[in-house]
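What follows is calculated from the coordinates using simple rules that are stated; it is not laboratory data. Everything quoted here is computed from the prediction, not taken from an experiment. Cβ: placed from backbone, ideal geometry, glycine included. Neighbour counts: every protein chain shown.
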Amino acid sequence: MSAPAAADPPMIRMVGVHKHFGSLHVLRDINLEVARGEVVVVLGPSGSGKSTLCRSINRLEPIDEGGIEIDGTPLPEEGRALARLRADVGMVFQQFNLFAHKTIAENVELAPVRVRRISKPEAHEAAMQLLTRVGISDQADKYPAQLSGGQQQRAAIARALAMRPKVMLFDEPTSALDPEMVQEVLDVMTSLAREGMTMLVVTHEMGFARRAAHRVVFMSDGEIVEDSVPDQFFTAPRSVRARDFLGKILTH
Amino acid sequence: MDIIFDNIGLYRDGFITTLQICLYAAVGSLLLGTVIATFRVSPLPPLRAAGTAWVTVFRNCPLTIVLFFCAFGLPELGIKGAYFWFGITGLVLYTSAFVCEAVRSGINAVAPGQAEAARAVGLTFTQSLRDVVLPQALRSVVPPLGSVIIAMVKNSAIVGAFGVGGDLFSVQARLTSAQGLSLIPVLLGVALGYLIITIPAGLALGVIERRVAVMR
Amino acid sequence: MRWKAVLRVGVAMAAFAVATTACGQQQGLGSSSSTPSVAQGVHFEPGTTMAKLAEAHTIRIGTKFDQPLFGQQILSGNLTGFDTEVARIIAGALGIPPDKVQWVESPSAQREELIKQGRVDLVVATYTINDKRRQQVSFAGPYYLAGQSLMVKSDNTAITGPDSLRGARAKVCSVQGSTPAENIRKYIDPAQLTLFDVYSKCADALRTGQVDVVTTDNVVLLGFVSNSNGAYKLVGDTFTKEPYGIGIRKGDVAFCTFINDTLTQAAKSGAYANAWKTTAGKVAEQTPQLPTFDSCS
């Protein structure tokens, strides 16, 4: 696995980020950088704040304190500037969140046409290429509810890629899938990583982390406890909490 | 029955006037109500406050008072116009508050993930509402909106008291008091006229409801 | 014997009630208010409407609540106007004092139904006698001959009478279901006519310039003129004859005759003229003569 290009500024930079849900302190002093072309996997027990971290990067969750930059630009307040920035940040959700009233092709075309002002035929052609790439071009005219979970998640990845994002965020992309469909989604993600896409992936898939990640970030109780290369994390975790976590995961 | 047939021309004119009032008022209140609903779910606090204030005022005021303000308040402010349009304005203001609440409940019924996904691909608030949330919201909202519009058709009977000449309900006053005919048969004719509007409207809603259900 | 004793006590109580109400009224209305005389020891042929009302010692009278000079509710809640005075005269002739009269608001469109359903005993409410209405109710009187007229803003010179309305493209206001509204249709296009449920809305529309003309019976219009501080005037002569009658249950000839006799007596005694002078007469130039009655049927 080749080392990521050390380009400046980092694609994602989080400095001193705090967030509360009421009395719950879900993000505690998060400092994290993801370099261009780097694949970072975020691990941790449920409730550790890893999903919130992922969602705060494109401000689906506003933060209380600290700063977040995407490719050197601080996250703007709610409004047009934020919409423009989100267009450059692809996001894949645990529940797919495909637009239920639109066909798969329409799902992929919508944002390029509305946000990038690309003509409909052009957007359709690009959409079909992407759907071919994730292996579901034959499902283009169906509605999301007619597809399997794995197919829906691949369509969601195609929808995000259609905006030609600088970085992709994955929020537990395989957690809602039946076991036999996990692999088809992971394959798409792995090939994306190989192509040099900058990715931040919140997941429980240890295999993916070992195979595709440049770095593993381990979170617990809203804090980043470890930040290391996969080999070191999986073979010699430094913290007690990471050892506990791995012990539970790997014995199952 | 003779009373109705002898005065069929008067009934027909009244029916057409009421139908016109209802069509204009329905289109107006559906559009305005949807806009107010978008205000109420907007991320901007001033718009949310404006939307809430609108609904609070117009949903809680008797229609008669709203019509009073349109027919007599607007001229007081120097706004001159036909009572026909003042009456429609009153109906639209009043009905829009109910349309707004129906649409808003529909918006709230759309899974939050839909709006999140729309924002995440870079759609603005307006775009995500127009392209993603509203089309899905409007489907679940067809039955309550239907009730709102049918109620509006019946409410339109009041505009005759506010200078809108010749609507279906005012036919009653011309035939009974001015011409001295008996009230009950005359009113049966008026009721029939309203049913000719409201029953097909209800049937059409059923059809629309089934069509959007298939598209889902 | 017993019945007579009861009646005597009742009359005494009624007289006391009249005295106390009259005091109350004088505070509210000033000295101009007329107090119609209440007949004492009246006796009617059993079974007649008069006998029933006299025995009940109360009467339900339908009138307008919003027509200045004829039937208008003032702030104290009392009703004042020529119609209500005429009604009190009739009640008095039945031995019923003013405070035993139950007033029922009777908008133009509801008058026949109120009578037919027996919810009022009589209606005195600027109620024009015509044949269509005669099919449903009977009329005593007429007690006054009104006529339709036009009211405009004082500075309006374009409108001189009904024939000038179409040429001036004047917007004309009247009340739904009223005779004046039907009459004026001859002189204007349908689009020029604005109809409300009460005349007070027409007056407001005239004030704001939404309409140019208000049309109805002259006396009704005079009420608005009197309240306008010179802002409005009547133009042209009256162009219809509107005999105002007293609506009663259809076919009650005895009651009709009784009312007509009462009116004739009131004209002789000066009570009729007094009723006019204390109400509409404050604005109108002439005190009217009691018109010739139609025959009771």
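Stokes-Einstein, applied to the Kirkwood radius of segment C:148-235 over Cα pairs at a viscosity of 1.567 mPa s and 4 °C, places its translational diffusion at 104 µm² s⁻¹. Computed packing ranks the peptides A:48-58, C:165-175 as A:48-58, C:165-175, most packed first, by mean other Cβ atoms within 10 Å. The amide H of A:Val26, built 1.01 Å from its N in the peptide plane, has A:Lys19, A:His20, A:Phe21 as neighbours under 5 Å, considering only residues 5 or more places off or on other chains.
Considering helices alone, the calculated mean residue ellipticity of chain C at 222 nm is -10500 deg cm²/dmol, with DSSP H runs of length four and up weighted by -39500 (n - 2.57) and normalised per residue. Legend: helices of chain B (whole DSSP H runs) are marked when their alpha-carbon atoms reach 18 angstrom or more along the helix axis and their mean Kyte-Doolittle hydropathy is at least 0.0; marked are B:8-40, B:45-60, B:83-109, B:134-155, B:183-215. Here segment A:150-185 and segment B:118-157 have alpha carbon centers that stand 30 Å from each other. Our coupling estimate for segment C:268-282, obtained by passing each phi through the Karplus curve with A = 6.51, B = -1.76, C = 1.60 and θ = phi - 60°, is 5, 6, x, 5, 4, 4, 5, 4, 5, 4, 7, 10, 4, x, 5 Hz, Gly and Pro reported as x.
So how far, in whole Å, is the C-alpha centre of segment A:43-71 from the one of segment A:99-121? Answer, in whole Å: 27.
Springs between Cα atoms under 10 Å define the GNM used for chain A, and in it the highest mean-square fluctuation of A:Ala83, A:Ala100, A:Ala111 occurs at A:Ala100.
Look at A:Met197, B:Met152 and count the other Cβ atoms within 10 Å of each Cβ; fewest to most, that gives A:Met197, B:Met152. Each residue in C:Lys64, B:Lys80 was given a count of other beta-carbon atoms within 10 angstrom of its own, and listing them fewest first yields B:Lys80, C:Lys64.
Mean per-residue shielding of peptide A:105-112 is 3, counting Cβ atoms of other chains within 10 Å of each Cβ.
Counting only residues at least eight positions apart within a chain, or on another chain, the aspartates and glutamates with an alpha carbon under 15 Å from that of A:Lys102 are A:Asp141, B:Asp131.
Could you grab the relative contact order for chain C? Cα pairs under 8 Å, six or more apart, rounded to a whole percent. Here the relative contact order equals 23 percent.
Contact order for chain A, expressed relative to its length and based on alpha carbon pairs under 8 Å spaced 6+ residues apart, stands at 26 percent.
Given +1 at the Cβ of Lys and Arg, -1 at the Cβ of Asp and Glu and no other charges, the dipole of chain B around its Cα centre is 620 debye to the nearest 20. Per-residue Cβ counts within 10 Å, from other chains only, averaged over A:72-80: what number is that? Across the residues of A:72-80, the mean count of other-chain Cβ atoms within 10 Å is 1. In this structure, A:Arg84 and A:Ser119 have a Cβ-Cβ separation that, at R0 = 22 Å, corresponds to a calculated FRET efficiency of about 0.65.
For the pair segment C:123-144 / segment C:244-297, the C-alpha centres are spaced 12 Å from each other. The charge dipole of chain C, taken about its Cα centre with unit charges on the Cβ atoms of Lys, Arg (+1), Asp and Glu (-1) only, comes to about 360 debye.
Taking square-rooted eigenvalues a ≥ b ≥ c of the alpha carbon gyration tensor, is the protein assembly as shown rounded, prolate or oblate, where a/c under 1.5 means rounded and, failing that, a/b exceeding b/c means prolate? In terms of gyration-tensor shape, prolate. In plain terms, the residue of A:Leu186, B:Leu23, B:Leu175 with the fewest other Cβ atoms within 10 Å comes first and the most crowded comes last, giving B:Leu23, A:Leu186, B:Leu175.
A simple spin-label model places pseudo-atoms 7 Å from Cα toward Cβ; at A:Arg164 and B:Ile16 they are separated by 5.9 nm.
Look at the dipole of segment B:2-215 built from charges on Cβ: of B:Leu63, B:Ser140, B:Gly73, the Cα furthest out on the positive end belongs to B:Ser140. Taking every DSSP helix (H) stretch of at least 4 residues in chain B, weighting each as -39,500 (n - 2.57) and dividing the sum by the residue count yields a mean residue ellipticity at 222 nm of -24000 deg cm²/dmol.
Here the protein assembly as shown is treated with +1 on each Lys and Arg Cβ and -1 on each Asp and Glu Cβ, and its dipole about the Cα centre works out to around 920 debye.
Students often get this wrong, so check it: of A:Lys120/A:Lys166; C:Lys201/C:Lys250; B:Lys80/C:Lys241; C:Lys171/C:Lys250; B:Lys80/C:Lys201; C:Lys153/C:Lys241, which have C-alpha atoms separated by over 27 Å? Flagged as over cut-off: C:Lys201/C:Lys250; B:Lys80/C:Lys241; C:Lys171/C:Lys250. Among the residues of C:135-148, the average count of other protein chain beta-carbon atoms within 10 Å of the residue beta-carbon is 1. Build a GNM of chain C with springs between Cα atoms under 10 Å apart, and of C:Thr279, C:Thr160, C:Thr84 the one that fluctuates most is C:Thr160.
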